[in-house]
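Okay, so here's the structure we're looking at.
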Amino acid sequence: MPPFLQFVIRRFLVVPISLVLITLLLYSGVMLTPPEGRASLYYPPKMNPNMTEEQLLHFQETIIKRYHLRDPFLVQYGYWVQSLFDGTWGYSPSISESVLPALLKRTPVTLELAMYSLLFLVPIGLVSGVSAGWRRSGTYDRVFRTIAFLGTTTPSFILALVLLSTFYINLGWFAPERISLTYSLELSKATFAHHTGLLTIDSLLNGRLDIFKDAWKHLAMPIFTLSLYHWATLARITRASMIDERPKEYILSARARGLSERRVVWRHAFRNMLAPSLTSIALSATSIITGVFVAEIIYDLNGVSTVIVAAMSGTPDAPAALGFAIYSVILVLALMFLLDVLQAALDPRVREGVLK
Amino acid sequence: MHRFKLFFSRWQNWIGILLILLYVSVAIAAPYLSPQDPRHPGMYLRVGRAVEARPLPPDEKAILGMLPFGFDVYHSLVWGSRDALEFGLIVTVCTAVFGILYGAIAGIASARLGTWMLRIADAFLAFPPIAGFVFLQQLFLTSMASMGSLGFFSPFFRQTGDAQASVPFIQYLLEKVNPLMLSLIVFSWMPYARLVNSIVLTLKQSDFIQAARALGASPFWIVRKHLIQNATGPAMVLAARDVGGVVLLQATLTFIRLGGDSVWGSMLSQGRNWVIGPGGTLLTYWWVFLPPTIAVMVFGIAWNIVGDGLSDLYNVR
């Protein structure tokens with residue numbers, strides 16, 4: 001088996017372990033509530049709101065019996081995990097939908113945002129960091145450092161306010177929400193086929209360039225908001241490792257052999273110093289996903305975070321919160337996995353297991 | 001002391017420290033700078049008319065203008081710095097202490113236990129604090145609701161010992177402790193643990209630790225005297241940046257009205273529709289936008305400068 005495939009499989013096997021550890025942790029949180037509270041995880045859709053107290057008690061008692069909610073922790077955990085596989089993850093009263101379908105329905109929005117942000121910020125972060133580190137203390141480096149510093153210290157919501165006021169209210173170039181009203185009607189027509197759920201791709205598949213343009217008009221601001229901070233962190237780390245790499249002897253020897261500057265940087269130095277940068281961005285996968293949720297909420301994108309916004313609006317909604325927690329953990333684990341695989345694809349030392 | 005001197009040899013670090021001192025002094029002097037109304041004590045002071053939905057510009061009653069519905073900007077700005085410092089420092093200190101201890105213990109424990117402890121830390125690393133926060137908040141609401149209609153003293157609750165034991169605990173935990181604070185502590189100690197763990201693992205092989213062990217020092221003494229002292233410096237780099245980061249996150253969550261009670265974030269959230277209102281620029285209602293924005297950003301910048309300054313000393317990124 002090629003070492004790359006071996007690495008991917010070995011790395012993939014870590015995911016279920018993390019998932020089990022996290023669900024154990026989450027369920028131990030659930031155990032802090034009384035059994036009657038835990039019963040609300042298993043409530044069926046559309047409960048009769050006019051139930052008397054005795055009926056409710058009786059109902060809770062049947063659920064408690066059925067899912068063994070007074071049994072020891074691990075027994076309860078087992079029944080709960082089993083119940084996850086029925087594909088509903090409980091019924092959320094605040095959005096009046098089952099949790100998992102509600103999350104899956106909104107996933108394309110979140111995916112679009114996260115995917116495009118990463119596609120922008122990772123290459124730009126690496127390239128700008130490398131160039132800044134190569135010519136340390138030059139004019140470019142100074143400008144770079146100022147912008148990157150501002151990028152790490154500007155909170156996303158303030159950036160969002162600035163962008164919304166400038167580009168939405170005053171210039172009208174970009175807009176919040178998912179799609180303009182005129183096009184949202186088009187989308188619900190039968191003539192528009194939803195292949196992937198990603199508007200930017202679906203519109204192209206349907207040959208509708210106007211919808212494609214409109215989708216980007218609505219994506220530009222969230223993507224920029226999300227990317228700036230993570231671009232800055234990534235680029236700063238890349239710059240620092242470039243500075244570490246610069247005085248090494250293989251660079252000196254490459255230069256002495258008369259290779260062009262570009263070749264030395266991108267062929268020799270770049271691949272050697274990728275590891276710390278990609279590791280750091282894999283470690284900040286949580287904060288990227290958090291950033292995605294925040295950007296979605298600020299720009300009204302109606303992505304998966306709609307579920308928690310609804311859940312936080314008053315009525316207690318444990319199924320939504322728990323489902324969202326599991327879901328976001330899966331997102332993070334997938335992102336980490338992808339970034340690690342990317343690292344292994346780019347750096348042979350990682351996939352051979354030489355570099356930990 | 002060498003490091004101390006090096007730290008203060010840079011002008012940037014001076015700026016960072018001075019800015020932090022400024023926030024600290026404003027936080028301490030808050031009751032003198034802007035006394036609270038004894039009838040409605042709190043972070044918000046109403047100086048204008050409650051029916052005035054338009055934010056009024058600065059005048060003699062409110063030197064920095066008013067938010068919608070007559071709340072004083074200056075008052076919230078001053079008290080907000082106390083709130084932010086309190087929140088940032090409590091979260092960071094708790095996180096750092098727990099993370100350092102965890103990392104050190106994982107470092108000196110047997111290889112198998114250490115690996116498992118790190119694996120658990122890695123599992124935590126996959127947990128977005130925002131989801132954790134919502135989760136904790138909903139747990140609290142759920143356990144409250146399950147008692148709600150029944151009442152705490154109903155005979156039903158007395159029968160179930162389980163409920164009796166757990167309800168007061170979670171009630172205590174989530175009523176006394178800010179849920180956002182708690183979830184940030186629970187879900188952000190991992191970087192410290194990883195950092196300290198790697199330091200401990202390298203130090204364990206070093207001569208002076210070997211010597212201490214040969215002299216018969218107990219492992220806990222070694223951790224306390226040598227390992228933690230050597231790991232504190234690098235951990236402080238993370239901590240300095242965290243104070244800023246945690247406060248920014250709190251303000252962000254408050255702004256999107258998901259929870260949290262950052263004063264600065266809530267000021268912007270209240271004035272949001274005026275800041276990005278149609279027909280105006282960002283600065284039409286500048287007294288709504290600029291003061292909290294500058295306060296939040298400078299707070300983050302100050303702690304970041306200090307963090308960067310420290311990272312040069314300890315060679316941590």
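Throughout, read-outs are computed from the coordinates displayed, never taken from laboratory work. This is a predicted model, so every value here is computed, not measured. Neighbour counts are summed over all protein chains in view; Cβ atoms, including those assigned to glycine, are modelled from backbone coordinates with ideal geometry.
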Note to self: If the elastic network links every pair of Cα atoms under 10 Å, which of A:V294, A:V20, A:V109 fluctuates the most in the Gaussian network model of chain A?
What the structure shows: A:V20
Next item on the list: Within the range A:231-335, list the trypsin sites (Lys or Arg not before Pro) lying in a DSSP loop whose Cβ has at most 10 other Cβ atoms in a 10 Å radius.
Entry: A:R257
Check: If each of B:E86 and A:S180 carries a label point 7 Å out from its Cα toward its Cβ, how far apart are those two points in nm?
Finding: 4.9 nm
Notebook entry, point to check: Treating the beta-carbon of each Lys and Arg as +1 and of each Asp and Glu as -1, no other charges, what is the dipole magnitude of the protein assembly as shown about its Cα centre, to the nearest 20 debye?
Noted result: 2260 debye
Next item on the list: Calculate, for B:W14 and B:I63, the FRET efficiency according to 1/(1 + (r/R0)^6) with r their C-beta to C-beta distance and R0 25 Å; round to the nearest 0.05.
Entry: 0.30
Margin query: Run lengths n ≥ 4 of DSSP H only: what is the helix-derived mean residue ellipticity at 222 nm for chain A, with -39500 (n - 2.57) per run over all residues, to the nearest 500?
Written below: -22000 deg cm²/dmol
Item checked: Where labels lie 7 Å past Cα in the beta-carbon direction, separation of A:Q55 and A:H68 in nm -> 3.1 nm
Check: What helices does chain A have that are whole DSSP H segments, at least 15 Å long along their own axis by Cα, and with mean Kyte-Doolittle hydropathy of 1.0 or more?
Finding: A:3-30, A:99-134, A:285-298, A:318-346
Margin query: If packing is taken as the average count of other Cβ atoms within 10 Å, what order do B:117-123, A:118-124 fall into, highest mean first?
Written below: B:117-123, A:118-124
Note to self: Please arrange A:I179, B:I294 by how many other C-beta atoms lie within 10 Å of their C-beta, fewest to most.
What the structure shows: B:I294, A:I179
Next item on the list: DSSP loop (so not H, G, I, E, B), at most 11 other Cβ within 10 Å: list which trypsin sites (Lys or Arg not before Pro) in the range A:41-133 pass both filters.
Entry: A:K46
Item checked: Calculated FRET efficiency for the pair A:V14/A:R267, C-beta based, R₀ 51 Å, to 0.05 -> 0.95
Checklist line | Cα point-scatterer Debye curve for chain A, base-10 log of I(q)/I(0) at q = 0.11, 0.12 Å⁻¹ | finding: -0.92, -1.04
Notebook entry, point to check: What ranking do B:213-219, B:283-289, A:157-163 get when scored by the average of other Cβ atoms within 10 Å per residue, highest first?
Noted result: A:157-163, B:283-289, B:213-219
Check: How would you order A:139-146, A:25-32 from highest to lowest mean count of nearby Cβ atoms within 10 Å?
Finding: A:25-32, A:139-146
Checklist line | Likely footprinting exposure, B:T252, B:T293, A:T191, fewest C-beta neighbours within 10 Å first | finding: A:T191, B:T293, B:T252
Margin query: Between B:L203 and A:M1, what is the label-point separation in nm under the 7 Å Cα-to-beta-carbon projection?
Written below: 3.9 nm
Next item on the list: Would you look at the GNM of chain B, springs on alpha carbons closer than 10 Å, and say which of B:N13, B:N230, B:N304 moves the most?
Entry: B:N230
Note to self: Using helices alone, I'd like the mean residue ellipticity at 222 nm for chain B: each DSSP H run of four-plus residues gives -39500 (n - 2.57), total over residue count, nearest 500.
What the structure shows: -23500 deg cm²/dmol
Note to self: With angles folded into 0 to 90 degrees, how steeply does helix B:73-108 sit against the dominant principal axis of chain B? Use alpha carbons for both and round to 10.
What the structure shows: 20 degrees
Check: How big is the range B:204-317 on each of its three principal axes, counting only the C-alpha atoms and giving the largest first in Å?
Finding: 76, 28, 16
Next item on the list: Please say if chain B is rounded, prolate or oblate, where rounded means a/c under 1.5 for a ≥ b ≥ c the square roots of the C-alpha gyration tensor eigenvalues, and otherwise the choice is prolate for a/b larger than b/c and oblate otherwise?
Entry: oblate
Notebook entry, point to check: From the cross-link list B:K5/B:K204; A:K189/A:K217; A:K46/A:K189; A:K46/A:K105, which pairs have alpha carbons spaced over 24 Å apart?
Noted result: B:K5/B:K204; A:K46/A:K189
Check: Taking +1 at the Cβ of each Lys and Arg and -1 at the Cβ of each Asp and Glu, which of A:F293, A:I251, A:L24 sits farthest along the dipole of chain A towards its positive end, judged by Cα position relative to the Cα centre?
Finding: A:I251
Margin query: Averaged across A:280-292, how many Cβ atoms of other chains sit within 10 Å of each residue's Cβ atom?
Written below: 4
Notebook entry, point to check: Dividing the alpha-carbon radius of gyration of the protein assembly as shown by 2.2 N^0.38 Å (N being the number of residues), what value is obtained?
Noted result: 1.02
Note to self: Through the Karplus equation 6.51 cos²θ - 1.76 cosθ + 1.60, θ set to phi - 60°, convert the phi angles of the range B:219-224 into ³J(HN,Hα) values in whole Hz; use x for Gly and Pro.
What the structure shows: x, 5, 5, 5, 4, 5
Note to self: Need the full-extension length gain, B:A29 to B:D261, defined as separation in residues times 0.36 nm minus the C-alpha distance. One decimal, nm.
What the structure shows: 81.4 nm
Item checked: Dipole of the range B:44-120 [Lys/Arg +1, Asp/Glu -1 at C-beta], most positive-end residue of B:L101, B:T115, B:F71 -> B:T115
Checklist line | Selected from B:A96, B:A109, B:A240 as most flexible by GNM, with chain B as the system and alpha-carbon contacts under 10 Å | finding: B:A109
